[in-house]
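> Mind having a look at this structure? Questions to follow.
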Amino acid sequence: MRRTTLVTAVAAAGALILTACGGGDGGSASGDSGEITFWDTSGPNESPVFTKIAQECATKGGYKVKTETVAFDQALNNYRTAAQGGQGPDVFRAEVAWVPQLAKLGYVVDLTGTELATDTADFLETPLGSTKYDGKSYGVPQVTDSLALFYNKKLLADAGVTPPKTWDEVKAAAAKLGGEKTIFINNDAYYALPFMYGAGGDLVDADTKKIVVNSAENVKALETAKGLLDAKAASTALDPANSYNNMQAAFTSGEVAMVINGPWSVADYLKGAAFTDAANLGIAPVPGDTAGKGSAPVGGHDYVIRQGTKAKDSSIKFIACMSSVESQVQVAKELGLLPTRKSAYENADVKSNAVVSAFEPVVTAAHPRAWIPEGGQLFDPLKIAYADVLAGKKDAKTALDEVAKAYKDTVVPEYTVG
């Protein structure tokens, strides 16, 4: 999941990808324009690879594709505005939390009954769940991700520390790893979820329509995070806007030994002084309350088709190609991003990728989020609360009670507080 704090705004740019003359069955004879605009919401490390694969798909498929790279933090609002007016891309790379929202609004095509929704056995169950809304299919999983413990192998080895499996082990390691330099805790809401999920908590229960964010488990979870700071076993940024960048800088320079982050961060880490030798970057499951009980959220992106597109048939072919095993293997090899197809993990090149191999068990055990239209709106109130707790401005119970009230008042008013 790519937070707005994780993304460098990228200016929109178009790349027209043409096929050979006489390209085939996506043209106007079937009522399909054969011309696709694809909004790619990935970052600068990733977009050149996705654009290249899009070109290859267009050449093979006999249609035209214009790839436009758009800033992630603006993409959802821009898409909704455009789609409301019958405009926008034909194919959109949507964050997983956006899909049910766009489906409820009627801004994406119901793919139920198409080849994209009927041939899904090879997809991982949790990422595939993000494409569903109200019993219908509205997308195809592109990449999946989760959060893991990244660690500086040399710093841990020199200190005689093994990658911690519990938060208590993190606290115990601090005496050997330099106290506050042990781990940096990003105070963004998404990064609170490993503490909450690992303690048995959640934000809402969609099945029973209950708000559970202020449960005893979640209060304990945030107290655990704050406890690391109080014990001088961790550091954070008091300014939430700069928390992610501060975390990245501290880890890439070797100032801190560990961070919690996702696979998208690897390219940046390998540019840092601490990881000129890529083998020094270690990856392990996030710690939990008890050994082996850590739990991290599932994230990722899905391909969707805009309702009203004049290139539906071509868009279906395009997504089938972009999400094929071959394409997913290429993405994993070149970017270290995680496939959503089971068979892609069996590819020898994918197996040999250290990042993908390390994340495979993390993704397999990732905690599903609530795939509801309001899912993306659950994070803003939690972000404020989590930052306040870590800064010592509020205790966990008070802060989470306020989040529950915000959910009830403005996000899911039909839910009961649980």
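The values are calculated or read from the model by the stated rules, or taken from the named source; none is laboratory data. Because the structure is a prediction, the values reported are computed rather than measured. Backbone-built Cβ (ideal geometry, glycine too); neighbour counts: all protein chains shown. Remember, those area values only see protein heavy atoms, side chains included, never the ligands or the DNA or RNA. Shrake-Rupley method; radii C 1.70, N 1.55, O 1.52, S 1.80 Å.
> In the list A257, A267, which residue meets the criterion of being within 16 Å of the chain's Cα centre (by Cα), among the aliphatic types (A, V, I, L, M) and in the same structural domain as A237 (by the TED database)? Give the steps one after another, and end with the answer.
On the way: A257 fails: within 16 Å of the chain's Cα centre (by Cα).
When all the criteria are applied, what remains is A267.
> Give me the residue from segment 339-360 that is part of a loop (DSSP other than H, G, I, E, B) and within 22 Å of A278 (Cβ to Cβ) and, out of that set, most open to solvent (accessible area, probe 1.4 Å). Full working, then the answer.
If we filter segment 339-360 for residues that are part of a loop (DSSP other than H, G, I, E, B), which is where we start, we get 339-340, 347, 352-353.
Add one more test, that the residue is within 22 Å of A278 (Cβ to Cβ), and what stays is 339, 347, 352-353.
On the way: P339: 3, N347: 50, S352: 87, N353: 31 Å².
The residue in question is S352.
> Need the failing condition index for V363 against (1) at pLDDT 95 or above; (2) in contact with an Asp or Glu (Cβ under 9 Å, 6 or more places away or on another chain); (3) open to solvent by less than 50 Å² (accessible area, probe 1.4 Å), just the number.
The single condition V363 does not satisfy is (1).
> Might you check whether a residue that is touching a residue at least 40 places away in the same chain (Cβ under 8 Å), closer than 23 Å to A358 by Cβ and outside any loop (DSSP other than H, G, I, E, B) occurs anywhere in segment 117-125?
Taking segment 117-125 and keeping what is touching a residue at least 40 places away in the same chain (Cβ under 8 Å), we get 122-124.
Those still in the list that are closer than 23 Å to A358 by Cβ too: 122-124.
Restricting the remaining residues to those that are outside any loop (DSSP other than H, G, I, E, B) gives 123.
Scanning segment 117-125 turns up at least one residue that is touching a residue at least 40 places away in the same chain (Cβ under 8 Å), closer than 23 Å to A358 by Cβ and outside any loop (DSSP other than H, G, I, E, B).
> Condition first: within 30 Å of A406 (Cβ to Cβ), modelled with pLDDT of 95 or more and of a type in the set (K, R). Can you find one or more residues in segment 135-150 that meet it?
Yes, the conditions are met somewhere in segment 135-150.
> Of the residues T37, T41, which single one is in contact with a His (Cβ under 9 Å, 6 or more places away or on another chain) and modelled with pLDDT of 95 or more? Give the steps one after another, and end with the answer.
On the way: T37 fails: in contact with a His (Cβ under 9 Å, 6 or more places away or on another chain).
Going through T37, T41 in turn, just one is in contact with a His (Cβ under 9 Å, 6 or more places away or on another chain) and modelled with pLDDT of 95 or more: T41.
Per-residue answers, yes or no, for (1) open to solvent by less than 20 Å² (accessible area, probe 1.4 Å); (2) of a type in the set (A, V, I, L, M); (3) not assigned by the TED database to the domain that holds Y107:
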| position | (1), (2), (3) |
| --- | --- |
| S42 | yes, no, no |
| N45 | no, no, no |
| T51 | no, no, no |
| A58 | yes, yes, no |
| K64 | no, no, no |
| T67 | yes, no, no |
| A71 | yes, yes, no |
| L76 | no, yes, no |
| Y79 | yes, no, no |
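> Go through L228, L238 for me and flag whichever is out of contact with any Pro (no Cβ under 6 Å at 6 or more places or on another chain), of a type in the set (A, V, I, L, M) and in a helix (DSSP H, G or I). Show your work before the answer.
Values: L238 fails: in a helix (DSSP H, G or I).
Among L228, L238, only L228 is out of contact with any Pro (no Cβ under 6 Å at 6 or more places or on another chain), of a type in the set (A, V, I, L, M) and in a helix (DSSP H, G or I).
> Take the residues of segment 280-292 that are open to solvent by 60 Å² or more (accessible area, probe 1.4 Å) and out of contact with any Lys or Arg (no Cβ under 6 Å at 6 or more places or on another chain): which is modelled with the highest pLDDT? Explain how you work it out, then say what you get.
At the first step, the residues of segment 280-292 found to be open to solvent by 60 Å² or more (accessible area, probe 1.4 Å) are 285, 290-292.
Filter again for out of contact with any Lys or Arg (no Cβ under 6 Å at 6 or more places or on another chain), leaving 285, 290, 292.
Working: P285: 94, T290: 79, G292: 65.
This residue is P285.
> Testing T5 on (1) modelled with pLDDT under 95; (2) closer than 22 Å to S265 by Cβ; (3) part of a helix (DSSP H, G or I); (4) open to solvent by 40 Å² or more (accessible area, probe 1.4 Å), one condition comes back false. Which one is that?
The number of the failed condition is (4).
> Right, here's the next one. Of all residues being surrounded by fewer than 20 Cβ atoms within 10 Å (Cβ to Cβ) and not assigned by the TED database to the domain that holds V49 in segment 113-154, which is farthest from R341 (Cα to Cα)? Just the residue, please.
The residue in question is K154.
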